[in-house]
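This report refers to the structure that appears directly beneath it.
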Amino acid sequence: MAFNFDQWVDRSHSDSVKWDKYRDRDIIPLWVADSDFTSPPAVIEALQRRVAHGVFGYTQPSPDLIEVFTRRMVERYGWHIKPEWIIFLPGLVCGLNLCVRACTEEHQSTLAPSPIYPPFRKAAKFAGRKHLSVPLTAVGQRWVLDFPAMRDRLSGNEKLLLLCNPQNPGGTVYRRDELLQHHQFAREHDLIVCSDEIHCELLLEPGVRHTPFATLNDDAAQRSVTLMSPSKTFNLAGLGASLAIVPNEALRQRLKRARSGIVPEVNLLALVAAQAAYQYGQPWLDEQLIYLRANRDRLTKRINAMPGLTVLPIEATYLAWIDCSALPVDNPHQFFERAGVGLSAGLDFGDRRFVRLNFGCRWALLDEALDRMARACAALPG
């Protein structure tokens, strides 16, 4: 079955966070991480059937959804998840915040790579916890954690290691031996690991495989909270369906207590969409990955040909982390905004010298954005 990822869907008047930011301005929005692709037809059809039913009362995750998700984890990663390990959440960001509040005391700290998806740092701030940022470094054309730097900066009060795999931003898919380093570090310092794996099915580099942190060994499983969601994979972000997988019962109960009375249950349409996506969305996902790889390859070639810009190979996600440090401008984000391209500011992730570009869009729109960026870079004094 062929799916049309070149289809133009006008989101400019759909209450879209992504598109409304630049409403009525000639700025192409390539910032926040949702794609412009219509969701899989199977998802849309399942939602239409459920809406036609006409009753939208309180609901709960169906046994079929749990079964299809746990079977998918076995098939893709050899991970045998027990149903009772799963906590359904109305979004992955609330999962990060719950982990910080449930897994740390007021005097304890979180630590995470930097640059990192902004809610990683905000979760600590919102909970009144200290946060330690540990630099990512480019090794062999990949962004990886600098373990010596991490060890040198510890105070002894750290309790929660926030891991992002695949890495956002940067697109690194951590190999098993690299994850074992993370595990060894966590074990040495008695850390709980919250592993955000929301982009785990958006792998673009052939031959690269995702390894859930919890599958490394029993100790990794018992000290981990794994966060997953169909939202990025199938473009369901606005519906809000995520899962926390917590094998350790005591840790699982801490998360449940932290959410009690505050975090709502997942709404029924989100559950319907999640089940349809996992059960019937694979053919759509396979073709989306082909399209995204082509977008990535086009973007990488063009960005690296622009004076002052570089981007390392992107192994996963539809998010390019672009180094603008050689560009003779003070604020790369504003510079490209003035050129008509709305990107994510690197400062929000921890490094103002970068910008993040979302290439989850039709190729014609991406090419127009790259044309604008190239003209702006070429016009700068040499």
* Asked: How much area per residue is accessible in segment 55-279 when the probe is 1.4 Å and only protein heavy atoms are counted (Å²)?
  -> 41 Å²
* Ignoring ligands, DNA and RNA, how do Thr137, Thr310, Thr317 rank by accessible area with a 1.4 Å probe, largest first? -> Thr310, Thr137, Thr317
* To do: Rounding to the nearest 20 debye, state how big the charge dipole of segment 60-109 is about its Cα centre with +1 on each Lys and Arg Cβ and -1 on each Asp and Glu Cβ.
  => 180 debye
* Which trypsin sites (Lys or Arg not before Pro) in segment 1-63 pass both tests, a DSSP loop state and at most 12 other beta-carbon atoms within 10 Å? -> Arg23, Arg25
* Rough spin-label spacing in nm, given labels placed 7 Å along Cα→Cβ, for Thr137 and Arg293 -> 3.2 nm
* Asked: In what order, largest first, do Asp196, Asp330 sit by accessible area if the probe radius is 1.4 Å?
  -> Asp330, Asp196
* Subtract the Cα-Cα distance of Asp330 and Phe147 from 0.36 nm times their separation in residues, and report this length gain in nm to one decimal. => 62.8 nm
* Place +1 on the Cβ of every Lys and Arg and -1 on the Cβ of every Asp and Glu in the chain, take the dipole about the Cα centre, and give the residue among Gln288, Ser133, Ile81 whose Cα lies farthest towards its positive end. => Ser133
* Which percent of the accessible heavy-atom area of segment 154-201 goes to carbon and sulfur, probe 1.4 angstrom? -> 39 percent
* Asked: Using a simple charge model, +1 on the beta-carbon of Lys and Arg, -1 on the beta-carbon of Asp and Glu, nothing else, what dipole does segment 310-376 show about its Cα centre, in debye to the nearest 20?
  -> 120 debye
* Asked: Could you give the dipole magnitude of the chain about its Cα centre, charging the beta-carbon of Lys and Arg +1 and that of Asp and Glu -1, in debye to the nearest 20?
  -> 540 debye
* To do: Please arrange Tyr77, Tyr58, Tyr278 by accessible surface area, largest first, computed with a 1.4 Å probe and ligands excluded.
  => Tyr58, Tyr77, Tyr278
* Just tell me which aspartates and glutamates come within less than 16 Å, Cα to Cα, of Lys301; anything on the same chain fewer than 8 places away is out. => Glu205, Glu315, Asp323, Asp367, Glu368, Asp371
* Treating cross-link reach as a plain straight distance, find the lysines whose alpha-carbon is under 30 Å from the alpha-carbon of Lys122, omitting any fewer than eight places away in the same chain. => Lys18, Lys21, Lys130, Lys159, Lys232, Lys256
* Structure fact -> Per the rule of 0.36 nm per residue minus the C-alpha distance, extending Ile44 to Arg257 adds in nm 73.3 nm
* Structure fact -> Along the dipole axis of the chain (charges at Cβ: +1 for Lys and Arg, -1 for Asp and Glu; origin at the Cα centre), the most positive-end residue among Gln167, Ala124, Cys194 is Ala124
* **Trp8-Val74 pseudo-label distance in nm [points 7 Å out on the Cα-to-Cβ vector]** => 4.7 nm
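The values are calculated or read from the model by the stated rules, or taken from the named source; none is laboratory data. These figures come from a predicted structure and were not determined experimentally. Here Cβ is always computed from backbone atoms with ideal geometry, including for glycine, and neighbour counts include all displayed protein chains. The area values use the complete protein model at the heavy-atom level, side chains included, leaving out ligands, DNA and RNA. Shrake-Rupley method; radii C 1.70, N 1.55, O 1.52, S 1.80 Å.
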